[in-house]
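Here it is: the structure, laid out below.
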Amino acid sequence: MTADISLAAGRGYLAIPGPSVIPDAVLQAMHRPSPNIYAGELIDLTATLVPDLRRVARTVHNVAIYISNGHGAWEAALMNTLQPGDKVLVPASGRFALGWGEMAEALGIDVEILDYGTGKPWDMDQVASRLAADRAHQIKAVLAVHVDTSSSIRNDVAAMRACLDATGHPALLMADCIASLGCDRFEMDDWGVDVMVSACQKGLMVPAGMSFVFFSPKAAEARARLPRISRYWDWSPRANPEEFYQYFGGTAPTHHLYGLRAALDLIHGEGIEQVWARHHRLAQAIWAACEVWGSDGPLRMNVQDVALRSNAVTSLHIGGDNATRLRGWLEQNLGLTLGIGLGMAPPNSPEWHGYLRFGHMGHVNGQMIMGLLGGVDTGLKALGIAHGSGAVEAAAQVLAGVRGEQAPDQPATSCCG
Ligand SMILES: *Cc1c(COP(=O)(O)O)cnc(C)c1O
C-alpha cells in the first residue's frame, strides 16, 4: 500500500462520544411514513416506552419525554424545580458540569461551583463541609454530572447522596446521565437521585432529538411549589405521554418514538446488567491499548485512576497537533471518526490540537472496538507518532479473557467525612 491510497470506502465508524452508532434495527424502525398521531399503533407504542425507560434508569418514578437534545433536558430539569434567586451547588469535573451551571445562571439561579478541573473527581469532604455550613438550607439542588464527557471522569453519585444524608441536607440531587445512561451502572432509586436527565443519542442509540427527565415524588413536590412554570417545559403533562401528545403538547416525535422502541428492545433483550458489563469489558480493552501506546510515546489517558474512568468515553492527550492530525488521517484514510477534545484547552488554541476522545457508548461490540484500536494504531504508524507496540495485542488479550480484570465497574461507595 502506498500512502496516497484511501481505505475509507465501506461502512464508516463514528467513534465520537455522541451521537453514537445507530443500530440498523433503529434505522429500520424509523424508516416509515408518518403514523396517525391520534389513535392506534403510535399511542400504544408510546405507552410501552415509559416502563422500559424506567427500567434503564432503575426507577419506579416518573419520566417526561421531550423533543430536544440534552441541553433541553438540562433546562427542563431546572425549570421544574427552581426559580430565580434559588441557589444550586455544582461540583464540576469538566466542561459539561460547568455548562449546566451556566444554563442555571442564565435562568437567574445563584450558582456556586466547586471546580475540580478536568483531572479530579468531586472532593466529598469539601462537598460535605459546604453542605454542613449551609444551615439555612439555601442550596436547593446539587447538579451532579455522572460522567463528564469532556474529561471522561465518572463521579460517584451514590456518594453524593450519602453526603446529603450524612449532613441532613434537603437539597435535591439532580444527575446528568446523558453520557452514562445505558453504559455505566446507574441506579436512580437505590442511589436516591431526585432528578435525572438524559438524551437519546448516546447510550440509547437513537438519532439526536429526544430527551428525558426522570423525577422522584420529592422533585414533583418542588415542582408543585413553584408559582409559575413554562408551559413548554412543564414536566407534569409530559410524564403522561398519551395525554400529552394527544391533547397538550404539539406533535409527538413520531419517528423517534419508533426508533426508541427498537433501541429499548435491544437493551432489554440483552439485559441492562449485561449491557453495562459489555461496556466495561470493551472499555478495559481500550484502556489496555492506551497504556501500551503511552508506554513509549506521548499518548496519555486523561483519567489515571481506573475507578474514575467511564465505560462510555475516553479522553486522551497526545500532545502537539497530533490529535488533529490523527483524527484527520483516520477519517480520510480509514473511514474512522474520533471525537475532538472538549473543555481541555481553549477551542482551536495550539494546545487544543493535542486532545481527542474515543466514544464507546451504545451500539458497540468487540470487533468494532478492535477496529477502532487497530485503526488508531495504524494512524500512529502512518503519521510517525511515537507509541509503544503491542497495543492491539493487549486489547485482544482483554477481550479474550486471558488478561486480568483492571477495575470494578463501580467504585465502592465512600461516605463523606
Ligand atoms: C452530550 C452531553 C450533554 C449535552 O447533550 P446535547 O444533546 O448535546 O445537548 C450534556 N451532558 C453530558 C454529560 C453529555 O454527555
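What follows is calculated from the coordinates using simple rules that are stated; it is not laboratory data. In this text, all values refer to a predicted model and were calculated from it rather than measured experimentally. Note: ideal-geometry Cβ built from the backbone for every residue, glycine included; neighbour counts use all protein chains shown.
For ASN240 and ARG135 in the same chain, what is the full-extension length gain: residue separation times 0.36 nm, less their Cα-Cα distance, in nm? Before the final figure, lay out each step's value.
Working: separation 105, 0.36 × 105 = 37.80 nm, distance 3.71 nm.
34.1 nm is the gain from fully extending ASN240 to ARG135.
Who wins for biggest fluctuation among LEU114, LEU82, LEU226 in a Gaussian network model of the chain, springs between alpha carbons below 10 Å?
Most flexible of the set in this elastic network: LEU226.
In addition: Report the residue, chosen from THR118, THR378, THR251, that carries the largest GNM mean-square fluctuation when the chain is represented by alpha-carbon nodes joined by springs under 10 Å.
THR251
How much mean residue ellipticity at 222 nm does the chain get from its helices, if each DSSP H run of length 4 or more adds -39500 (n - 2.57) and you divide by all residues, to the nearest 500 deg cm²/dmol? Don't skip to the end; give the middle numbers.
On the way: 13 runs with 160 residues, N = 417.
Computed mean residue ellipticity for the chain: -12000 deg cm²/dmol.
Taking 8 Å as the Cα distance limit and 6 or more residues as the minimum spacing, I'd like the relative contact order of the stretch 36-254 as a percentage.
Numbers: 420 pairs, mean separation 61.4, N = 219.
Once normalised by length, the contact order is 28 percent.
Now for a separate question. Let me spell out the model: positive unit charges on the Cβ of Lys and Arg, negative unit charges on the Cβ of Asp and Glu, origin at the Cα centre of the stretch 1-125. What dipole size does that give, in debye rounded to 20? Before the final figure, lay out the partial values.
Details: 8 positive and 14 negative charges, 98 e Å.
Its charge dipole is roughly 460 debye.
Let me ask you something else. Hey, got the dipole for the stretch 36-254? About the Cα centre, +1 on K and R Cβ, -1 on D and E Cβ, debye to the nearest 20? All intermediate terms of the calculation are to be shown ahead of the outcome.
Working: 19 positive and 26 negative charges, 26 e Å.
Its charge dipole is roughly 120 debye.
Looking only at trypsin sites (Lys or Arg not before Pro) in DSSP loops with at most 16 other Cβ atoms within 10 Å, what is the longest site-free stretch of the chain? Spell out each step's value before the answer.
Values: sites that count: ARG11, ARG135, ARG228, ARG231, ARG403.
Excluding the exposed sites themselves, the longest stretch runs over 232-402.
In a GNM of the chain with a 10 Å cut-off on Cα contacts, which of ALA312, ALA199, ALA136 has the highest mean-square fluctuation?
ALA136
Where the convex hull is taken over the Cα atoms of the chain, what is its projected area averaged over directions, in nm²? Spell out each step's value before the answer.
On the way: hull surface 82.5 nm².
One quarter of the hull surface, i.e. the mean projection, equals 20.6 nm².
Here's another thing I want to ask about it. Count the net charge of all other residues whose Cβ sits under 13 Å from the Cβ of ALA132, scoring Lys and Arg as +1 and Asp and Glu as -1.
On the way: positive: ARG130, ARG135; negative: ASP125, ASP134, ASP165.
Surrounding charge for ALA132 is -1.
Could you work out how much longer the chain between THR251 and SER34 gets when fully extended? Use 0.36 nm per residue separation minus the Cα distance between them, nm to one decimal. Working shown, then result.
Details: separation 217, 0.36 × 217 = 78.12 nm, distance 1.13 nm.
Gain on extension, THR251 to SER34, equals 77.0 nm.
Give the lysines reachable from LYS218 as a straight Cα distance under 17 Å; neighbours fewer than 8 places away on the same chain don't count.
LYS140
Let me ask another. Which helices count as membrane-span-like in the chain under these terms: full DSSP H, at least 20 Å along the axis by C-alpha, Kyte-Doolittle mean of -0.5 or more? Before the final figure, lay out the partial values.
Details: long enough: 41-57 (25 Å, 0.54); 254-270 (25 Å, -0.04); 272-294 (33 Å, 0.01); 366-383 (25 Å, 0.88).
Membrane-span-like by this criterion, though nothing is claimed about a membrane: 41-57, 254-270, 272-294, 366-383.
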